[in-house]
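A.B. asks: This is the structure, below, for whatever I ask next.
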Amino acid sequence: MNNTISLKEIAHARSGDKGTGANVGVIAYTAAGYAFLEQELTSERLTKHLHELHPQGVQRYSLPGIRAYNFVLPSILDGGASRSLRIDSQGKVLALAVLEMQLPRPENLAQMQPKSHQS
């Protein structure tokens, strides 16, 4: 058994540009997943995961009412949509990159997945 899971197994995400920065919203499928992410999905871990994009000053905001976290990544788009030469100048693909993040495998994984993922 693998000791890690991909974030996409317990959450979905959406991202987009905000000027020269971007934000990534991560929404847990279940309350158990949200509680797990409270400890595991930190600004520091996200910064390390996206290190090739040189994120700085990443901030996490908790939205418990909708089981979500919003990450603000200032200046990650290297000038923004109209100036950046990056392929993803609007930050739309950031969510997909974040969902590939590896996290420690929780014992209660089945309680964190949507019913369609459970066998």
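Nothing in this text is a laboratory measurement; each read-out follows from the coordinates by a stated rule. Fair warning: this is a prediction, and the values are worked out from it, not measured in the lab. Please note: Cβ atoms are built from the backbone with ideal geometry, for glycine as well, and neighbour counts cover all protein chains shown.
A.B. asks: Nearest 0.05, what FRET efficiency do ALA31 and SER6 give at R0 = 22 Å with Cβ-Cβ as r?
C.D. replies: Working: r = 20 Å, r/R0 = 0.90.
With R0 = 22 Å, the Cβ-Cβ based efficiency is 0.65.
A.B. asks: In vacuum, with every alpha carbon of the range 20-75 counted as one equal point scatterer, what does the Debye formula give for log10 I(q)/I(0) at q = 0.20, 0.28 Å⁻¹? Two decimals, please.
C.D. replies: Result of the Debye calculation: -0.69, -1.12.
A.B. asks: Please give, to one decimal in nm, the separation of the simple spin-label points placed at ILE66 and ARG45, each 7 Å out from Cα toward the Cβ.
C.D. replies: Label at ILE66, label at ARG45, 2.2 nm between them.
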